[in-house]
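**Q** Let me begin by handing over the structure; questions about it come next.
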Amino acid sequence: MSAGELDPPDAARVWDLLVIGGGTAGIVAARTAAALGARVLMAEHRRTGGDCLWTGCVPSKSLLAAAGAAATARGADRLGVSVEQVRVDFAAVMAHVRAAIGAIEPQDSPRALAEAGVRVVQATARFTGRDRAEVDGVTVRFRQALVATGSEPSLPPVPGLADALPLTSDTVWELTTLPARLLVLGGGSIGCELGQAFARLGARVDIVEAVVRILPREDTDAAELVAAALRQDGVGVHTGVAVDEVTGSDTAERGCGVARLADGTEIGFDRILVAVGRRPHSRDLGLDAAGVAVDGRGYLCVDGHLRTTNRRIWAAGDVTGHPQFTHTAGVHGSLAAANAVLGLRRRVDVTAMPRVTFTAPEVAAVGVGLADARRHARLSARTTPHERVDRAVTDGATNGFTRLVLDPRGRIVGATVVGPRAGEVLGELTLAVRRGLRTRDLAGTVHPYPTYGYGAWDTAIADARARLRGPAAARTVKALANLRRHWIDLRDRRR
């Protein structure tokens with residue numbers, strides 16, 4: 001079943017929840033509301049599934065899987081396995097990417113949403129009042145509405161860039177041949193992931209980041225490990241410098257040319273991939289007519305419950321300015337829908353929002369980072385290098401670490417993991433941050449061996465033992481040991 005048009009009965013009814021946008025936030029919100037018994041109308045002007053399915057998580061991780069396989073084959077000799085003449089068939093790689101999208105697409109399809117009780121129309125929607133909107137050219141009324149229109153890549157105002165036919169994370173999937181030289185603007189997660197992937201597939205890649213280092217949100221030593229891995233894969237990493245101009249006589253035809261950096265460096269390219277940030281899809285929604293305010297960047301202004309300045313209208317996902325992750329969009333879509341339909345006042349929890357950069361090595365982090373810990377005298381950090389994690393040793397992948405940031409009572413308030421499967425390891429640590437668990441809680445939980453999760457366990461054990469050696473704890477332990485000694489001696493004398 002495909003998304004259809006509104007028929008007269010649909011247009012005449014008052015919908016409990018109008019959802020504008022069919023990406024992750026909109027889909028989760030619509031399913032949640034329908035499960036709660038609400039009459040839900042979703043308007044999506046393109047295709048359900050959103051960026052995550054079509055241009056984000058699914059295709060990028062599929063590309064990374066292929067690139068990782070190529071890199072593993074080339075580097076297998078470090079484990080005593082020789083693989084000769086690794087050949088990359090870029091067309092077959094992109095076929096794998098499309099196959100992954102096709103396998104997951106039915107879960108987000110209009111048919112699946114209809115089976116869940118959601119009425120889906122392929123149409124634009126625009127508010128025409130505080131409780132009504134025009135959908136598919138028809139005026140509909142709603143009791144509550146949710147804006148989940150997402151975001152799109154933004155292009156920096158670099159002279160000549162637009163003429164160079166730049167790619168973005170939305171359009172890079174249209175490539176049919178591997179660029180010989182790829183210039184990536186932006187050293188954040190998207191730029192690093194795609195840059196490393198294309199390098200491993202055989203392209204000559206340069207990454208340019210205007211700030212002093214790549215992955216500026218992550219701990220410095222974590223970013224340095226990724227930078228070293230990128231260089232090992234042949235990527236040129238240029239940090240602390242911006243692109244001043246893009247030129248080339250044939251840029252209008254093929255996109256190739258030269259980028260001149262602020263320090264005078266010139267980088268030739270065949271294609272440019274821009275990954276410098278995103279901007280919200282908040283234009284042409286009739287927000288003024290609905291009384292919905294936006295900030296200076298175009299993000300919808302929401303409170304801690306994800307309600308906008310119109311009490312009937314909510315927002316979730318990238319359009320809110322909250323961290324732009326699929327998991328954020330999903331959780332917040334569910335929260336906003338429950339608040340709207342049931343009148344709850346559940347609040348957004350920003351203390352434990354995990355993030356993962358899926359480079360090799362992966363970088364996964366949650367909560368307080370090392371820089372913040374150093375600015376607060378009451379916080380401390382404990383790090384275990386992966387040379388001491390047996391699974392990393394057996395895999396020959398010791399260029400990583402596990403770090404816990406702790407408060408004075410030993411509660412885990414932040415964590416960073418660098419290495420293979422770091423994203424999977426982070427799940428446990430995210431729970432620890434959210435629930436205020438202490439290192440002794442983690443240390444007292446048996447972990448399977450040998451796994452990368454042992455890094456977190458060993459770090460927690462080391463901290464728990466250190467706390468036992470503290471003055472107060474040492475006095476308590478000594479007193480208990482003496483008491484136990486005296487009790488045993490007394491028992492023996494009585495026998």
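**Q** So which residues in segment 408-422 are over 17 Å from the mean Cα position of the chain (by Cα) and crowded, with 24+ Cβ neighbours inside 10 Å?
**A** Passing the criteria: only 412.
**Q** I'm trying to understand the selection: among the residues of segment 298-324, which are over 12 Å from residue 147 (Cα atoms) and among the basic types (Lys, Arg)?
**A** 311
Residues checked against (1) within 26 Å of residue 189 (Cα to Cα); (2) surrounded by fewer than 17 Cβ atoms within 10 Å (Cβ to Cβ); (3) of a type in the set (A, V, I, L, M); (4) outside the structural domain of residue 425 (by TED's automatic domain parsing):
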| residue | (1), (2), (3), (4) |
| --- | --- |
| 295 | yes, yes, no, yes |
| 300 | yes, no, yes, yes |
| 309 | no, yes, no, yes |
| 315 | yes, no, yes, yes |
| 318 | yes, no, no, yes |
| 324 | yes, no, no, yes |
| 332 | yes, no, no, yes |
| 354 | yes, no, no, yes |
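Conditions tested, residue by residue: (1) surrounded by fewer than 22 Cβ atoms within 10 Å (Cβ to Cβ); (2) over 16 Å from residue 221 (Cα atoms); (3) within 23 Å of the chain's Cα centre (by Cα).
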{"residue": "386", "(1), (2), (3)": "no, no, no"}
{"residue": "390", "(1), (2), (3)": "yes, yes, no"}
{"residue": "400", "(1), (2), (3)": "no, no, yes"}
{"residue": "424", "(1), (2), (3)": "yes, yes, yes"}
{"residue": "428", "(1), (2), (3)": "yes, yes, yes"}
{"residue": "433", "(1), (2), (3)": "no, yes, yes"}
{"residue": "467", "(1), (2), (3)": "yes, yes, no"}
{"residue": "472", "(1), (2), (3)": "yes, yes, no"}
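**Q** Conditions: (1) part of a helix (DSSP H, G or I); (2) more than 21 Å from residue 235 (Cβ to Cβ). Residue 144 meets all but one. Number of the miss?
**A** The one condition residue 144 does not meet is (1).
A quick yes/no check of all residues on (1) in a helix (DSSP H, G or I); (2) over 28 Å from the mean Cα position of the chain (by Cα); (3) in the same structural domain as residue 30 (by TED's automatic domain parsing); (4) of a type in the set (A, V, I, L, M):
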position: 58; (1), (2), (3), (4): yes, no, yes, yes
position: 62; (1), (2), (3), (4): yes, no, yes, no
position: 69; (1), (2), (3), (4): yes, no, yes, yes
position: 86; (1), (2), (3), (4): no, yes, yes, yes
position: 107; (1), (2), (3), (4): yes, no, yes, no
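**Q** Might you check whether a residue that is of a type outside the set (Phe, Trp, Tyr), farther than 23 Å from residue 218 by Cβ and surrounded by fewer than 16 Cβ atoms within 10 Å (Cβ to Cβ) occurs anywhere in segment 334-343?
**A** yes
**Q** Could you go through segment 293-311 and let me know if any residue there is outside any loop (DSSP other than H, G, I, E, B), under 20 Å from the mean Cα position of the chain (by Cα) and at pLDDT 95 or above. Full working, then the answer.
**A** Applying the first criterion (outside any loop (DSSP other than H, G, I, E, B)) to segment 293-311 yields 294, 300, 307.
Those left that are additionally under 20 Å from the mean Cα position of the chain (by Cα): none.
There is no residue in segment 293-311 that is outside any loop (DSSP other than H, G, I, E, B), under 20 Å from the mean Cα position of the chain (by Cα) and at pLDDT 95 or above.
**Q** Could you please find all residues in segment 155-199 being surrounded by fewer than 24 Cβ atoms within 10 Å (Cβ to Cβ) and farther than 25 Å from residue 52 by Cβ?
**A** Once the filter is applied, which keeps residues that are surrounded by fewer than 24 Cβ atoms within 10 Å (Cβ to Cβ) and farther than 25 Å from residue 52 by Cβ, segment 155-199 yields 157, 158, 159, 160, 161, 162, 163, 165, 177, 180, 181.
**Q** Of these, 46, 78, which one is part of a helix (DSSP H, G or I), charged (D, E, K, R), surrounded by fewer than 14 Cβ atoms within 10 Å (Cβ to Cβ) and in contact (Cβ under 8 Å) with a residue 60 or more places away in the chain? If you could, list the steps in order and put the result at the bottom.
**A** Values: 46 fails: part of a helix (DSSP H, G or I).
Of the residues listed, the single one that is part of a helix (DSSP H, G or I), charged (D, E, K, R), surrounded by fewer than 14 Cβ atoms within 10 Å (Cβ to Cβ) and in contact (Cβ under 8 Å) with a residue 60 or more places away in the chain is 78.
**Q** Among the residues of segment 108-129, what is the count of those that are farther than 16 Å from residue 25 by Cβ and touching a strand residue (DSSP E or B) at 6+ places or on another chain (Cβ under 8 Å)?
**A** 11
**Q** Pairs under 6 Å by beta carbon, first residue among the aromatic types (Phe, Trp, Tyr) in segment 116-139, partner assigned to a loop (DSSP other than H, G, I, E, B), six or more apart or different chains?
**A** If the second residue must be assigned to a loop (DSSP other than H, G, I, E, B), the pairs left are 127/286.
**Q** Here's something else I'd like to know. Out of segment 444-494, which residues are of a type in the set (Phe, Trp, Tyr) and farther than 30 Å from residue 388 by Cβ?
**A** Step one: list which residues in segment 444-494 are of a type in the set (Phe, Trp, Tyr), which gives 449, 452, 454, 457, 487.
Hit for segment 444-494 is 487, nothing else.
The values are calculated or read from the model by the stated rules, or taken from the named source; none is laboratory data. Nothing here was measured: the structure is a model prediction, and the numbers come from that model. Methodologically, a virtual Cβ is constructed for each residue, glycine included, from the backbone with ideal geometry; neighbour enumeration extends over all protein chains shown.
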